[in-house]
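Below is one structure, written out as structure tokens; comments come after it.
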Amino acid sequence: MEFNQETVKRIRGLIVFAALVVLCFWRYDIVLDGINFVIHVIYPFILGGAIAFVLNVPMNFFQRHLFNPDRIKGHKYLKKMARPVSMLLALCSVIGVIALVMLVLIPQLGDTFVNLGRNIQAFIPRLQEWATSIFRDNPDIVSWINGLEFNWNKIMDTGLSFFTRGAGDVLNSTITAARSIVSGLTTFFIAFVFAIYILLQKEKLTRQCKRVMFAFMKKGKAEAALEVLSLTYKTFSSFLTGQCVEAVILGSMFVVAMTVFRLPYALLVGVVIAFTALIPIFGAFIGCVIGAFLIFMVNPVQALGFVVLFLVLQQIEGNLIYPHVVGGSVGLPSIWVLAAVSIGGSLMGVVGMLIFIPIVSVVYALFREVVYLKLKQKKMEPDDIE
């Protein structure tokens, strides 16, 4: 080996890198504290990027349909106003949907909790009578069932006293709570302003990022990185759009079907299923359990009918709607969708379930391209391999 200047520079770099790795393992606690500090500092900007990404989907929809380039060609004022107006419409639509859901859901939830107490009180005697007829040969079980007592007022008093004690504890740390609230609001405000800036200046920011990449990376690597980022954006936006549309369709199907069959809590259950359906694969079943429990307190037979209705609508949604609305948007086989949801849920909970499907889809598409490229280099056609 010739110890020229380039070789010495590489050896020096390897020594520095090895020293940093050893130092990180030796004082890992300081390294973790430093990472947490950096994440805490940049968290508002990460949140702002996530907000911008979500708002960019409806904003592009409005800009594409209301301010089509062919339609506004030659109108400088319309070109100038296309981005701000589209962003304002996107904000209004998102806020409007949230407000509409809250206006519908909160009164319905209030009525549900009031009726739920009455239904449980009326259901307990029926349950005791039904269970007594089944276990009449076992006097111990019958005695225990007859001893069951449900006092809604007592439960409410217990809950209020617990809340009062909790409120007392919170009042003892008012300054800490106030700091947390102010910090949260400040973080969200910074993130929101950053998101607005990204949306208004996204073309300029894209050009700046490309210039930085081409300045510090080789041309081929920079182009490959841009292709990966483009694929990632398309996959995430398509998945987000498809998942929201699918959730709205499924929730609407339940509201209509439950109204037709005169099942209780039609609007509430439909909204709950629409929200839980945002979680791929398992989400709608969570909504089914909640809906079945609420209806069971009113009428067990209707709860059974609701479960049957859920299975029917779930089959229709899974076989007809989901493959066309969401399935084609990510291009991921079902087995990998299940694996992505399972791994994402284990690592990051509900958020992991949502983001791991497009992440795995991007990895799957990139790996497929590499495999096809390797096969072509060996002069083999992928379709010929069975």
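Check segment 307-315 and report whether any residue there is within 26 Å of Ile355 (Cβ to Cβ), open to solvent by less than 30 Å² (accessible area, probe 1.4 Å), part of a helix (DSSP H, G or I) and in contact (Cβ under 8 Å) with a residue 24 or more places away in the chain.
No, segment 307-315 contains no residue that is within 26 Å of Ile355 (Cβ to Cβ), open to solvent by less than 30 Å² (accessible area, probe 1.4 Å), part of a helix (DSSP H, G or I) and in contact (Cβ under 8 Å) with a residue 24 or more places away in the chain.
What helices (runs of 4 or more DSSP H) lie completely within segment 189-285 and have 1 or more residues being hydrophobic (A, V, I, L, M, F, W, C), open to solvent by 80 Å² or more (accessible area, probe 1.4 Å) and without any contact (Cβ under 8 Å) to a residue 12 or more places away in the chain? Talk me through it step by step, then tell me what you get.
Values: elements: 202-216, 219-260, 266-276.
Of the helices (runs of 4 or more DSSP H) lying wholly inside segment 189-285, those with at least 1 residues that are hydrophobic (A, V, I, L, M, F, W, C), open to solvent by 80 Å² or more (accessible area, probe 1.4 Å) and without any contact (Cβ under 8 Å) to a residue 12 or more places away in the chain span 202-216, 219-260.
Evaluate the following for Ile106: is it modelled with pLDDT of 80 or more and open to solvent by 40 Å² or more (accessible area, probe 1.4 Å)?
Here the answer is no, as Ile106 does not meet what is asked.
Starting from residues that are out of contact with any helix residue (DSSP H, G or I) (no Cβ under 9 Å at 6 or more places or on another chain) and closer than 30 Å to Thr187 by Cβ, keep the ones in segment 1-29 and report whichever is modelled with the highest pLDDT.
Asp29
Mind checking which residues of segment 242-284 are among the aromatic types (Phe, Trp, Tyr) and either within 16 Å of the chain's Cα centre (by Cα) or closer than 17 Å to Gln108 by Cα (or both)?
The answer is Phe254, Tyr265, Phe275, Phe282.
Considering (1) open to solvent by less than 100 Å² (accessible area, probe 1.4 Å); (2) free of Cβ contacts under 8 Å to residues at least 24 places away in the same chain, say which one Val54 fails and leave the rest.
(2)
The values are calculated or read from the model by the stated rules, or taken from the named source; none is laboratory data. Computed from a predicted model, the values in this text were never measured in an experiment. Note: ideal-geometry Cβ built from the backbone for every residue, glycine included; neighbour counts use all protein chains shown. Heads up: the accessible areas ignore ligands, DNA and RNA and are worked out on the full protein's heavy atoms, side chains in. Shrake-Rupley method; radii C 1.70, N 1.55, O 1.52, S 1.80 Å.
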